[in-house]
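Peer 1: Got a structure for you, questions after.
The values are calculated or read from the model by the stated rules, or taken from the named source; none is laboratory data. None of these values were measured; they are calculated from a predicted model. Here the Cβ positions follow ideal geometry from the backbone for every residue, glycine too, while neighbour counts run over all protein chains shown. Note: accessible area is taken over every heavy atom of the protein model, side chains too, but ligands, DNA and RNA are not part of it. Shrake-Rupley method; radii C 1.70, N 1.55, O 1.52, S 1.80 Å.
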Amino acid sequence: MSPVVIFAQGESVKTIEFDTLRVGYVEPTRIGVDEIKYVGTDYIDREDSSLMRYVMDVVSNDIDFYADFDLVPIDSFFIKTYEIVELDLAGWKRLGADYVLKLEAEFLGSNMRVAWKLFYTFDNRIVEYGR
């Protein structure tokens, strides 16, 4: 905030502070969405797997839609070249992701519960999580 001094007749000096808005380009935050993982103990069928994939697609599309985020896709060439079995945070960082969203699904009867964790790739810490 920048202080501005205002003079008024017959009154004392007052200080007013203004917030400065900057206009220009802001670099979008690059976020990768990791493959959704099943964490339950029961057997799941093809429909359950399809539902999990659908949830992952919805989350990815929502991130891709928002202008302040840039979705980092999983690069199959990178995975094949380096013979990566599971893409870890260091791999996501090499792909250019600042953050990685990891999803976990479990089925409770006829309901599905999805938990998520947002990781910062530069120091491998959890930034946010929820269900």
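Peer 1: Is it the case that Lys117 is open to solvent by 60 Å² or more (accessible area, probe 1.4 Å) and touching a residue at least 12 places away in the same chain (Cβ under 8 Å)?
Peer 2: yes
Peer 1: Name, by its number, the condition in (1) modelled with pLDDT of 90 or more; (2) within 28 Å of Tyr120 (Cβ to Cβ); (3) surrounded by 12 or more Cβ atoms within 10 Å (Cβ to Cβ); (4) among the aliphatic types (A, V, I, L, M) that does not hold for Val58.
Peer 2: Every condition holds for Val58 apart from (3).
Peer 1: Does Leu95 qualify as being modelled with pLDDT of 90 or more, open to solvent by 30 Å² or more (accessible area, probe 1.4 Å) and at negative phi?
Peer 2: Spelling it out, Leu95 is indeed modelled with pLDDT of 90 or more, open to solvent by 30 Å² or more (accessible area, probe 1.4 Å) and at negative phi.
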